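Trainee: Sharing a structure below in structure tokens format, with a few things to ask.
The values are calculated or read from the model by the stated rules, or taken from the named source; none is laboratory data. None of these values were measured; they are calculated from a predicted model. Glycine gets a Cβ as well: all are built from the backbone with ideal geometry, and neighbour counts include every protein chain shown. What goes into the accessible areas is simple: the full protein's heavy atoms, side chains included, and nothing from ligands, DNA or RNA. Shrake-Rupley method; radii C 1.70, N 1.55, O 1.52, S 1.80 Å.
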Amino acid sequence: MPVDVLVGLQWGDEGKGKIVDVLAPTYDVVARFQGGPNAGHTLTFDGTKHVLHQVPSGIFHSHILNVVGNGVVLDPMVFRQELQKLTDRGIDWSRNLHISRKAQLILPSHRALDRISEEARGGSKIGSTLKGIGPTYQDKIGRTGLRVGDILLPDFQERYQEAVARHTAVAEFYSKSLEIKDVEADFFSAVDFLRTLQLTDTEYLLNDLLKQGKNVLAEGAQGSMLDIDFGTYPYVTSSSTIVAGACTGLGIAPRHINKVYGISKAYCTRVGSGPFPTELHDAVGEQIRQAGREFGSTTGRPRRCGWIDLPALRYSIMLNGVTEIHLMKADVLDDFDEIQVCTHYRLPTGEQTDHLPDHGDLQNLTPIYTSVPGWRTQLQSITDTQALPQQLKAYIRFLEQHLEVPISIVSVGPDRVSTLHLN
């Protein structure tokens, strides 16, 4: 059976967790392939909001096997807290959760280095969540990181101390100290907890399941515009957030990939620093922020808001080979008489383009908008696609025409049931 991949098409926070939750019942496995606790997937059902950071979003379905892949960076303390919250809500995750032995460990010193590095940037901050993600991926690429499987080795303590010694030297370069003594006891307690879980060679597990005819949903975090190679560098995350990252982050061959679900909001948001061509700095942007409750599920930071950006979406669709789009949070635009859609950019030379320039040029371009009618309808009350207002249907057709990919799902509210299948 194939692997279907779910990716964000914007700068993250598109609503991927909700879609995984909606699609999950049709899959045998949900596997997270990159990112760490800097990502927060929010799922709402039965009137309750659930926020996951490292645990795959299929965990609420007892028949689904959930896999934390080798491409993930894992914070044992955050992971234990997540699982405890699930236990408190009556979720038995003990049998259907596997963690890759090859996933990298986030150490307390990684989080300290993240803070030190961001402070040193002054006014040119990346906008890090300060969860230790970047320093952990740096150690991974530098071949000095610790992996989940290392906690089973008799010399793990020595390996840990060697890592801290390296990180101490980096901190001293900035004339800073790590200041991690107060959290180390909690870290080692969480490591002891991690040892009790199913630590697995998940690349073998997943490929064996594929041979058995099981179908897999690969769950991405962040968004394509934050990809380490193709995002708005250097204001990006530290991992491959596009479809290619599913292969390296899970140990599956490209030939297994079938459908690619691209998740996009009906507008656009971004957290942290970096270019954002359609950003709104006015009352309209604030209206979108408040209507969409656009505050980070991990950090609580207000998200930057703007109109939908089709050149950026087309770029992400191209990189990922998207086969269908799921349009999220359409209800946030309920109260607008007109909705603006960025279809092209005007470069400083006056030239018009529908290509996404390199990030340096992104700072100096002007979005070209097309205005489409709003629907002025409270969408959250709609449960039948036939009842969708004609203006929203026209908006969807407009996007499909420009993006050349079908929109198969439109979300009209935060709850699981507010997800309408169009095709």
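Trainee: Looking only at strands (runs of 3 or more DSSP E) that fall completely inside the stretch 195-297, which ones have 1 or more residues that are among the aliphatic types (A, V, I, L, M), open to solvent by less than 10 Å² (accessible area, probe 1.4 Å) and touching a residue at least 12 places away in the same chain (Cβ under 8 Å)? Give the derivation first.
Mentor: Values: elements: 198-200, 216-219, 257-265, 268-270.
The qualifying strands (runs of 3 or more DSSP E) are 216-219, 257-265.
Trainee: Still on this structure, please answer the following. When the residues of the stretch 108-134 are filtered to those that are assigned to a loop (DSSP other than H, G, I, E, B) and within 14 Å of GLY35 (Cβ to Cβ), which remaining residue is least open to solvent (accessible area, probe 1.4 Å)? Lay out the reasoning, then the answer.
Mentor: Initially, the stretch 108-134 is screened for residues assigned to a loop (DSSP other than H, G, I, E, B), giving 121, 125-132.
The next check asks that each one be within 14 Å of GLY35 (Cβ to Cβ); those that pass are 128-129, 131-132.
Numbers: SER128: 31, THR129: 35, LYS131: 61, GLY132: 0 Å².
Step by step, filter the stretch 108-134, then rank; the result is GLY132.
Trainee: Quick test for you: out of ASP92, ASP88, pick the one residue that is free of Cβ contacts under 8 Å to residues at least 24 places away in the same chain and of a type in the set (Asp, Glu). I'd like the intermediate steps shown before the answer.
Mentor: On the way: ASP92 fails: free of Cβ contacts under 8 Å to residues at least 24 places away in the same chain.
Only one candidate passes the filter, namely ASP88.
Trainee: Which of (1) open to solvent by 20 Å² or more (accessible area, probe 1.4 Å); (2) more than 14 Å from ASP309 (Cα to Cα) does LEU420 not meet, given it meets every other one?
Mentor: It is condition (1) that LEU420 fails.
Trainee: I'd like to check something: does the stretch 135-151 contain any residue that is touching a strand residue (DSSP E or B) at 6+ places or on another chain (Cβ under 9 Å), of a type in the set (Asp, Glu) and either assigned to a loop (DSSP other than H, G, I, E, B) or under 27 Å from LEU226 (Cβ atoms) (or both)?
Mentor: Start the filter on the stretch 135-151 by keeping residues that are touching a strand residue (DSSP E or B) at 6+ places or on another chain (Cβ under 9 Å), which leaves 136-137, 139-140, 145-151.
Next, only the ones that are of a type in the set (Asp, Glu) stay: 139, 150.
If we keep only those that are either assigned to a loop (DSSP other than H, G, I, E, B) or under 27 Å from LEU226 (Cβ atoms) (or both) too, we end up with 139.
Yes, the stretch 135-151 has at least one match.
Trainee: Any residue at all in the stretch 161-182 that is closer than 30 Å to ARG95 by Cβ and at pLDDT 95 or above? I'd like the intermediate steps shown before the answer.
Mentor: Our first condition is that a residue be closer than 30 Å to ARG95 by Cβ; within the stretch 161-182, this holds for none.
Taking every residue of the stretch 161-182 in turn, none turns out to be closer than 30 Å to ARG95 by Cβ and at pLDDT 95 or above.
Trainee: Within the stretch 170-180, does at least one residue satisfy the condition of being part of a helix (DSSP H, G or I) and either within 30 Å of SER62 (Cβ to Cβ) or among the basic types (Lys, Arg) (or both)? Step through it out loud before you land on a result.
Mentor: Taking the stretch 170-180 as the starting set, the residues that turn out to be part of a helix (DSSP H, G or I) are 170-173.
Within this subset, residues satisfying the condition of being either within 30 Å of SER62 (Cβ to Cβ) or among the basic types (Lys, Arg) (or both) are none.
Among the residues of the stretch 170-180, not one is part of a helix (DSSP H, G or I) and either within 30 Å of SER62 (Cβ to Cβ) or among the basic types (Lys, Arg) (or both), which makes the answer no.
Trainee: A further question follows. So which residues in the stretch 328-348 are under 27 Å from VAL5 (Cα atoms), open to solvent by less than 20 Å² (accessible area, probe 1.4 Å) and out of contact with any helix residue (DSSP H, G or I) (no Cβ under 7 Å at 6 or more places or on another chain)?
Mentor: MET328
Trainee: Only one of (1) in a loop (DSSP other than H, G, I, E, B); (2) modelled with pLDDT of 95 or more; (3) of a type in the set (A, V, I, L, M) is not met by ILE59, so which one is it?
Mentor: Every listed condition holds for ILE59 apart from (2).
Trainee: While we're here: Limited to the stretch 80-123, what total is found for residues that are within 18 Å of TYR137 (Cα to Cα) and not aliphatic (A, V, I, L, M)?
Mentor: Adding up the residues that qualify gives 12.
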